[in-house]
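Derivation of every value follows stated rules applied to the coordinates shown; laboratory data play no part. Since the structure is predicted, the reported quantities are computational estimates derived from the model, not experimental observations. Cβ atoms come from the backbone with ideal geometry, glycine included; neighbour counts cover every protein chain shown.
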Amino acid sequence: MHRRPNRGSGSNEFVVGDEKLSQAELLQHIAGSPEEFSPNVLLRPVVQDYLLPTLAYIGGAAEVAYFAQAAVVYQALLGRITPILPRFSATIVESKAQRLLERYHLAFPEVFIGPDRLRENLAARILPDELQAAFDSANSSVEKSIKTVRESLARLDQSLVEAAENAGSKMQYQLQQLRARAARAELRRSETAGRHAEFLSNMLYPQEALQEREIAGIYFVARYGTELLQNLYETVHTSCHDHQIISL
């Protein structure tokens, strides 16, 4: 159903399916057959709160954004806006996952790059020390050489400085690509890094989604017992609305 202003009469005409109704006819139809009408996506929460008044609504990021769009409808029809509170959001890091993060010197957000890139990342960190040093030295040499060239070009022709910077960026990019290829070669030789990357991805970023979206809380309760719930109550920061990391 949608409303269409009738400019000739100054009244509103409503279209329900293929039927055109005046406001009076529509109200009569609603009163006679209310089961045939339901609120649309923005009106639905307003009707819900009218029938079942809500003190506060706790929702995820998408739900909070959705309610923000409906705020003007709340105010217009109910004269109030239901308070919205972000729900608690966290990732539980078990001891094995924590040990692997520390072993590979990984910061937690680095897990969010996806399983394939994480495998390459881990493999790059276990390249032989002499190869790591060679890549680092090559990168430093490129930076130092380009800096010298750039300074000389600046004295000759300022317009060439940008070209030197672009050349340096391309050289560093090629070194990064070569390091990535070396990491993939190491990954083929060592299955351990691949298994560790798969474990971290499956536990901390399953299906490239937040853990809470893919792994049911009952898994952790079954594994650690109901005392886990009390530990969570004592660990969480209720004043923090950001995503939290909880180590077990």
Note the listed values [x] 0.96; [y] 1.13; [z] 1.67, then indicate which one is Cα Rg over 2.2 N^0.38 Å calculated from this particular structure.
[z]
Suppose every K and R has +1 on its Cβ and every D and E has -1 on its Cβ; what is the size of the dipole of the chain about the Cα centre, in Debye to the nearest 20?
540 debye
Full-extension gain between ARG87 and TYR173, please, as 0.36 nm times their residue separation minus the C-alpha to C-alpha distance.
26.8 nm
Relative contact order computed over the chain (Cα-Cα under 8 Å; 6+ residues apart), in percent
22 percent
Report the FRET efficiency, 1/(1 + (r/R0)^6), for ILE58 and ARG80, where r is their Cβ-Cβ distance and R0 is 22 Å, rounded to 0.05.
0.80
Among ARG181, ARG80, ARG125, which one moves the most in a GNM of the chain with springs linking Cα atoms closer than 10 Å?
ARG80
Can you list the residues, at least 5 places off or on another chain, whose amide H is less than 5 Å from the amide H of ILE84, using H built in the peptide plane?
TYR57
Whole angstrom only: what separates the Cα centroid of the stretch 124-175 from the Cα centroid of the stretch 206-248?
44 Å
For VAL93, the residues 5 or more places away or on another chain with a placed amide H closer than 5 Å to its own amide H are ILE246, SER247, LEU248
Longest to shortest principal axis, alpha-carbon extents of the stretch 160-212, angstrom:
51, 31, 10
If packing is taken as the average number of other Cβ atoms within 10 Å across a peptide's residues, how do 136-143, 236-243 rank, most packed first?
136-143, 236-243
Relative contact order for the stretch 2-86 using alpha-carbon pairs under 8 Å, separation at least 6, rounded to a whole percent?
20 percent
Placing +1 on the Cβ of each Lys and Arg and -1 on the Cβ of each Asp and Glu in the stretch 86-219, which of SER89, TYR173, ALA193 has its Cα farthest towards the positive end of the resulting dipole?
ALA193
